[in-house]
Amino acid sequence: MKTKELTFLQREEISRLLLTGISYAEIGKQIGKSKSCISREISRYGMNRFSYRAFFAEQSAKINKRKTGRKRKLDYDLELRAVVTDWLRLKWSPEQIAERLKSEYPERKDMRIAPETIYSYLYVHPKQKLRKELLACLRRQRKVRKKRKKVDDYVEKRGKIPNMVSIDDRPQEVDDRVIPGHWEGDLILGIRQTSAIGTLTERTTRVTILTPIKSNDAETVRKAFAREMNKIPTELRQSLTYDQGREMKQHELFSKKTKVKVYFAHKSSPWERGTNENTNGLIRQYFPRGTDFNNVSRRELKKVQAELNDRPRKCLGFKKPIEVFNKLLQ
């Protein structure tokens, strides 16, 4: 009965026949294997016709077999696998999962796993349907960077906002992230820019607030953001940093209604609102480009908000934003 694997006796025969100078095809015929099988066998271990030795090939084959036959931790640890897959479905990264396990199960060494082990499990999962589902939960990054628009075009399209206060005038305490209550905001536009949601992110705790925006005109945006801001305790709403989008033209009225000072980032400088920009990337996992936000209910939006705030963050020592924020309220 033929088997895929070569035996030690077959390897010895290959070694002996190579010394006679006959072709790989002829060697294959004599031991009942194909020409390509012989070729792969000889080249697989970095050998050639003159250096091939049966003993070393046999030892290398045994080592490779042990490596490929080894089960991964998530293959046999059902409890750990259930926790990992549940958290993946919440769109937690493998690093967040690995670190959070330490705090959720401090006394259990069996509930430990490296992020790379999770990635390895996902990419070699035999069940294509489950693999596809779980890989879709990972945060995606563009492989090709989009060409950026010219600054002049950006200014022309967006226009100017009256009485803007530059980010340069923002207090140093905001940059240091020592005192909570300083927020960053933005809009995420839907398909054909006909729908949108508003995003607010607190710089110290990374707590995120999502709000539906029926229209991205200045009045609608101002009222939507003010409504959400006024739900927050006064001591935790000190300032808001925004880009120079025309939807924030009513920033002075917004500040009057909320007591929140608005600062504007420089043109085409999203890194000056890096906390919010990063959060928007996380939100895109739930609402990819092309989403029509007119079809997204407030309830669904708030569910995503809750998941984001319940997601451990590396910058917080893998604590959850809602945990850090609630601690400030005590």
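The values are calculated or read from the model by the stated rules, or taken from the named source; none is laboratory data. Every value quoted in this text rests on a predicted model; they were computed, and no experiment measured them. Note that each Cβ is placed from the backbone with ideal geometry, even for glycine, and that neighbours are counted across all protein chains shown.
Can you list residue pairs whose Cβ atoms sit under 7 Å apart, with the first residue in the stretch 88-113 being over 19 Å from residue 310 (Cβ atoms) and touching a residue at least 40 places away in the same chain (Cβ under 8 Å) and the second being surrounded by 15 or more Cβ atoms within 10 Å (Cβ to Cβ) and of a type outside the set (A, V, I, L, M, F, W, C)? Count only pairs 6 or more apart in sequence or on different chains.
Matching pairs, first to second residue: 113/73.
Quick one: in the stretch 230-249, which of the residues that are touching a residue at least 24 places away in the same chain (Cβ under 8 Å), surrounded by fewer than 17 Cβ atoms within 10 Å (Cβ to Cβ) and of a type outside the set (Val, Ile, Thr) is nearest to residue 166 (Cα to Cα)?
246
Can you tell me which residues in the stretch 233-249 are in contact with a helix residue (DSSP H, G or I) (Cβ under 9 Å, 6 or more places away or on another chain) and either farther than 19 Å from residue 275 by Cβ or in a loop (DSSP other than H, G, I, E, B) (or both)?
Passing the criteria: 233, 235, 237, 238, 243, 244, 245, 246, 247, 249.
Does residue 304 fit the bill of being surrounded by 14 or more Cβ atoms within 10 Å (Cβ to Cβ), within 16 Å of residue 166 (Cα to Cα) and β-branched (Val, Ile, Thr)?
Here the answer is no, as residue 304 does not meet what is asked.
Restricting to the stretch 250-276, what's the tally of residues that are under 22 Å from residue 231 (Cα atoms) and either without any contact (Cβ under 8 Å) to a residue 24 or more places away in the chain or not in a helix (DSSP H, G or I) (or both)?
Of the residues in the stretch 250-276, 8 are under 22 Å from residue 231 (Cα atoms) and either without any contact (Cβ under 8 Å) to a residue 24 or more places away in the chain or not in a helix (DSSP H, G or I) (or both).
Of the residues that sit in the stretch 154-213 and are of a type in the set (Ser, Thr, Tyr) and closer than 24 Å to residue 289 by Cα, which one is surrounded by the fewest Cβ atoms within 10 Å (Cβ to Cβ)?
194
Taking the conditions exactly as written (crowded, with 17+ Cβ neighbours inside 10 Å, touching a strand residue (DSSP E or B) at 6+ places or on another chain (Cβ under 9 Å) and modelled with pLDDT of 95 or more), does residue 227 satisfy them or not?
Taking the combined requirement at face value, the residue does not satisfy it.
The conditions are (1) surrounded by 14 or more Cβ atoms within 10 Å (Cβ to Cβ); (2) more than 27 Å from the chain's Cα centre (by Cα); (3) not hydroxyl-bearing (Ser, Thr, Tyr), and residue 259 fails exactly one of them. Which is it?
The failed condition is (1).
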